[in-house]
1. Using beta carbons and a limit of 8 Å, which pairs, at least six apart or on different chains, have the first residue in region 154-173 and β-branched (Val, Ile, Thr) and the second one in a strand (DSSP E or B)?
2. Checking the condition touching a residue at least 60 places away in the same chain (Cβ under 8 Å), within 16 Å of ligand 2 (Cβ to nearest atom) and open to solvent by less than 10 Å² (accessible area, probe 1.4 Å), which residue from Val31, Val60, Val24, Val79 passes?
3. Sort out which residues of region 182-240 are assigned to a loop (DSSP other than H, G, I, E, B), more than 17 Å from the chain's Cα centre (by Cα), crowded, with 16+ Cβ neighbours inside 10 Å and within 16 Å of ligand 1 (Cβ to nearest atom), and write them in order of number.
4. Among the residues of region 67-82, are any within 16 Å of the chain's Cα centre (by Cα) and within 15 Å of ligand 1 (Cβ to nearest atom)?
5. Based on this model, can you work out whether Ser36 counts as open to solvent by 30 Å² or more (accessible area, probe 1.4 Å) and either at positive phi or within 16 Å of ligand 1 (Cβ to nearest atom) (or both)?
6. If Val178 meets every condition in (1) outside any helix (DSSP H, G or I); (2) free of Cβ contacts under 8 Å to residues at least 60 places away in the same chain apart from one, which number is that one?
Amino acid sequence: MIEINGVTKSYGDFDVLKNCTTKVDRGEIVVVCGPSGSGKSTLIKCINGLEPFEKGSIRVHGIEVGDPKTDLTELRAQVGMVFQNFELFPHLTVIENIKLAQKIVLGRSEGAANTKAMQLLDRVGLVDQAKKFPGQLSGGQQQRVAIARALAMDPVAMLFDEPTSALDPEMISEVLDVMTDLAKDGMTMIVVTHEMGFARRVSTRVVFIDQGEIVEDRPSEDFFSGNHNPRTAAFLSKIL
Ligand code: ADP
Ligand code: MG
């Protein structure tokens with residue numbers, strides 16, 4: 001579903017991603033972890049064309065991301081993205097947030113967009129919040145709306161960039177529960193997170209990035225059995 005091959009990206013002299021190679025099969029849940037500033041967000045943004053890269057290639061569901069001829073709007077419709085800070089449109093109600101791109105990008109009718117939005121609000125447990133504005137919701141509720149909004153495009157894969165990092169502790173599980181359900185339904189997912197309990201329970205593979213390099217890329221069971229690269233061990237000792 002997602003193939004990343006020798007991707008290198010620099011900001012001036014600084015290599016933020018160094019020859020990164022990995023792939024994600026359909027239905028896989030890949031957790032990406034690593035120290036702050038190691039390039040996790042940059043890698044995620046490269047996958048859906050939010051950041052350009054100089055070397056290597058990324059293919060998503062047959063779409064060549066780095067090809068200048070690629071329609072990035074179509075790519076982003078196929079790959080849902082959920083950010084740390086929700087990024088909802090503050091001036092639109094919850095339901096309007098979920099309907100907007102369905103109508104503009106996919107050309108769905110008002111009725112079809114509305115039906116889809118209500119189904120997804122039901123799925124994330126927020127049907128009764130449809131008419132509220134994002135600012136009237138808790139962080140956990142806003143993040144569930146953001147997930148519903150991404151799912152409304154019928155994506156082939158979902159990318160999550162630290163989706164629970166901005167949440168109060170009591171709200172983390174309501175978001176992780178929605179993500180766990182999504183994983184059980186067979187969604188292909190890349191999740192940048194330091195929630196190692198979630199990683200152990202839900203992920204199929206763990207990728208550890210340090211200083212722009214993929215240092216470990218192992219099936220979860222194997223990753224959590226130990227024998228880590230010293231850089232991974234040093235990181236895990238700080239967060240666990
Ligand atoms: P992470 O998500 O792992 O914390 P990021 O991908 O956000 O890391 O950033 C990786 C590195 O790239 C950091 O050192 C950051 O300061 C740097 N960086 C990110 N965006 C830019 C930019 N637009 N210009 C220069 N450096 C940047
Ligand atoms: Mg980041």
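The values are calculated or read from the model by the stated rules, or taken from the named source; none is laboratory data. Here the structure is a predicted model, which means the values were calculated and not measured. Cβ placement follows ideal geometry from the backbone for every residue including glycine, while neighbour counts extend to all protein chains displayed. These area figures cover heavy atoms from the full protein model, side chains too; ligands, DNA and RNA do not enter into them. Shrake-Rupley method; radii C 1.70, N 1.55, O 1.52, S 1.80 Å.
1. Cβ pairs passing all conditions: Val156/Val60; Val156/Val79; Val156/Thr188.
2. Values: Val60 fails: within 16 Å of ligand 2 (Cβ to nearest atom); Val24 fails: within 16 Å of ligand 2 (Cβ to nearest atom); Val79 fails: within 16 Å of ligand 2 (Cβ to nearest atom).
Residue meeting the stated conditions: Val31.
3. Gly212
4. At the first step, the residues of region 67-82 found to be within 16 Å of the chain's Cα centre (by Cα) are 75-82.
In the following step, the residues that additionally are within 15 Å of ligand 1 (Cβ to nearest atom) were identified as 81-82.
Scanning region 67-82, I find at least one residue that is within 16 Å of the chain's Cα centre (by Cα) and within 15 Å of ligand 1 (Cβ to nearest atom), so the answer is yes.
5. Details: open to solvent by 30 Å² or more (accessible area, probe 1.4 Å): yes; either at positive phi or within 16 Å of ligand 1 (Cβ to nearest atom) (or both): yes.
It is true that Ser36 is open to solvent by 30 Å² or more (accessible area, probe 1.4 Å) and either at positive phi or within 16 Å of ligand 1 (Cβ to nearest atom) (or both).
6. (1)
For (1) under 25 Å from Asp185 (Cα atoms); (2) surrounded by 18 or more Cβ atoms within 10 Å (Cβ to Cβ); (3) within 16 Å of ligand 2 (Cβ to nearest atom), each residue gets a yes or a no:
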position: Phe86; (1), (2), (3): yes, yes, yes
position: Ile98; (1), (2), (3): yes, yes, no
position: Gly111; (1), (2), (3): no, no, no
position: Lys116; (1), (2), (3): yes, yes, no
position: Gly125; (1), (2), (3): yes, no, no
position: Arg144; (1), (2), (3): yes, yes, no
position: Ile147; (1), (2), (3): yes, yes, no
position: Val156; (1), (2), (3): yes, yes, no
position: Phe160; (1), (2), (3): yes, yes, yes
